[in-house]
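The values are calculated or read from the model by the stated rules, or taken from the named source; none is laboratory data. Being a predicted model, the structure only gives us computed values, none of them experimental. Neighbour counts are summed over all protein chains in view; Cβ atoms, including those assigned to glycine, are modelled from backbone coordinates with ideal geometry.
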Amino acid sequence: MNSHATEEEIRAVCEKIESLGLKPHPIPGAGRTAIGITGNNGEVNSASIESMPGVIECIPVSKPFKLVSRDVKPDDTVVGIQTALGEVRFGGKDVGIVGGPCAVESREQAFAAAKGVKAAGARLFRGGAYKPRTSPYSFQGLGEEGLRILADVRSEFGLGIITEAVDNESLDLVERYADVIQIGARNMQNFSLLKRAGRARKPVLLKRGLSATLDEFLMAAEYLLSEGNYQVILCERGVRTFSDFTRNTLDLSVIPAVQRRSHLPIVVDPSHGTGRRNKVLPLSRAAVAVGANGLLVEVHHDPDHALSDGPQSILPEEFSELVREAGQIAAVLGRVIN
Ligand code: PEP
Ligand code: MN
């Protein structure tokens, strides 16, 4: 649509698309609204749409992913999360910062981490209430009790909450308690979960699968958008390679590749991306330098006694330093951390 298109013109185009038996996806942007069309097998007869008031042009998208593609929406999507401390944005010039423990272990532990995260200047708190663990004997998370603790963190500290849903059942609860729903690496191709998250009313942070190609990653995000959820933040968290001195190999080269193909923001998780505490700060610097739209970092007040991912968790003081350095590097690029 052109930048002066009215609400009525946008609505009329959506109705026209529906009358053709197709699904319209009006995606607002900074300058103008793009309307993606899905549900077609083959080319859409665009002449009848192109002549409508407010329409600039109809662009056929040849890529397998459509709604996530820059062909549909050329300008960056900025996902904004409202918190009591102000809005945190991912995308465009804004680099969003998230810190917190791998898992919520207790009220005391979550509050200690939250205190440090807030003191570092971050306004979003991560922490898993449902943990996808390799071993069934490892700590699985506190479940709804963990979500209640996260809600208390929000009311006590004003921080926004990001937490993972591992299946449709936990997603119902996570959607109620969280500000952002995390879909973990192991669930990147859990298509029924993606469809459910696509119908959720909260933004989704989608992690890249352990061995997912770029196309598979973007197609997973396409599931979310195709169900009507356009508030999606992608997350590179390392992939599995032959390199065995780190837990995963952080693929920073995927950042510009995603940004070239997609309007969605992409953040970097240097904690799972390396698995080693001493590599989190250098890789965070590199992530901001390469143009990541945010950082998701594991922070624990007592990492040696953490119930999960202690070896890659940094101390609150180290997180403060990380936020400070990330801010300096962002400034070089004309970006701001928030
Ligand atoms: C996590 O964020 O703690 C987590 C389980 O991440 P991933 O899904 O990337 O392994
Ligand atoms: Mn973890």
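Looking only at segment 302-334, which residues are part of a helix (DSSP H, G or I) and closer than 21 Å to ARG247 by Cα? Hits for segment 302-334 are PRO303, ASP304, HIS305, GLY310, PRO311, GLN312, GLU318, PHE319, LEU322.
Condition check ((1) within 16 Å of ligand 2 (Cβ to nearest atom); (2) surrounded by fewer than 19 Cβ atoms within 10 Å (Cβ to Cβ); (3) more than 30 Å from VAL61 (Cβ to Cβ)) across all residues:
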| residue | (1), (2), (3) |
| --- | --- |
| PRO265 | no, no, no |
| GLY275 | yes, yes, yes |
| SER308 | yes, no, yes |
| PRO316 | no, no, yes |
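Within segment 260-288, track down each residue that is more than 16 Å from ligand 1 (Cβ to nearest atom) and without any contact (Cβ under 8 Å) to a residue 40 or more places away in the chain. Listed by number, the residues that qualify are ASN278, PRO282, ALA286. Among the conditions (1) under 24 Å from ILE149 (Cβ atoms); (2) surrounded by 24 or more Cβ atoms within 10 Å (Cβ to Cβ); (3) in contact (Cβ under 8 Å) with a residue 40 or more places away in the chain; (4) not aromatic (Phe, Trp, Tyr), the only one that ALA197 does not satisfy is (3). Out of all the residues in segment 259-274, is one or more part of a strand (DSSP E or B) and among the small types (Gly, Ala, Ser)? Yes, because at least one residue in segment 259-274 is part of a strand (DSSP E or B) and among the small types (Gly, Ala, Ser). Tell me, which residue of segment 223-258 that is assigned to a helix (DSSP H, G or I) and aliphatic (A, V, I, L, M) is farthest from ligand 1 (Cβ to nearest atom)? Filtering segment 223-258 for residues that are assigned to a helix (DSSP H, G or I) and aliphatic (A, V, I, L, M), the one farthest from ligand 1 (Cβ to nearest atom) comes out as LEU225.
Taken over segment 285-298, the criterion of being part of a helix (DSSP H, G or I) and crowded, with 24+ Cβ neighbours inside 10 Å is satisfied by ALA287, VAL288. Going through (1) at pLDDT 95 or above; (2) surrounded by fewer than 16 Cβ atoms within 10 Å (Cβ to Cβ); (3) assigned to a loop (DSSP other than H, G, I, E, B) one by one, PRO282 falls short only on (3). Considering (1) within 26 Å of PRO256 (Cβ to Cβ); (2) under 16 Å from the mean Cα position of the chain (by Cα); (3) surrounded by fewer than 16 Cβ atoms within 10 Å (Cβ to Cβ), the lone condition that VAL79 does not fulfil carries the number (3). Just to verify a result, which residue in segment 200-219, among those that are without any contact (Cβ under 8 Å) to a residue 40 or more places away in the chain and touching a helix residue (DSSP H, G or I) at 6+ places or on another chain (Cβ under 6 Å), is farthest from GLU169 (Cα to Cα)? This residue is LEU210. Those residues that are more than 16 Å from ligand 1 (Cβ to nearest atom), part of a helix (DSSP H, G or I) and more than 14 Å from the chain's Cα centre (by Cα), I need them from segment 212-222; list them, please. If the condition is that a residue be more than 16 Å from ligand 1 (Cβ to nearest atom), part of a helix (DSSP H, G or I) and more than 14 Å from the chain's Cα centre (by Cα), then LEU214, ASP215, MET219 are the ones that fit. Listed by position, the helices (runs of 4 or more DSSP H) inside segment 137-211 whose residues that are at negative phi and within 18 Å of the chain's Cα centre (by Cα) number at least 1 are 168-177, 191-198. Out of LEU210, LEU205, one residue alone is surrounded by fewer than 19 Cβ atoms within 10 Å (Cβ to Cβ), within 16 Å of ligand 2 (Cβ to nearest atom) and either among the polar types (S, T, N, Q) or within 20 Å of ILE255 (Cα to Cα) (or both). It is LEU210. Taking ARG154, is it of a type outside the set (S, T, N, Q), more than 16 Å from ligand 1 (Cβ to nearest atom) and in contact (Cβ under 8 Å) with a residue 24 or more places away in the chain? Against the criterion (of a type outside the set (S, T, N, Q), more than 16 Å from ligand 1 (Cβ to nearest atom) and in contact (Cβ under 8 Å) with a residue 24 or more places away in the chain), ARG154 qualifies. In segment 302-324, the residues that are within 14 Å of PRO270 (Cα to Cα) and within 15 Å of ligand 1 (Cβ to nearest atom) reach residues that are among the aliphatic types (A, V, I, L, M) and assigned to a helix (DSSP H, G or I) with C-beta atoms within less than 8 angstrom, at least six apart or across chains, in these pairs: GLN312/VAL280; ILE314/VAL280; ILE314/LEU281; ILE314/LEU322.
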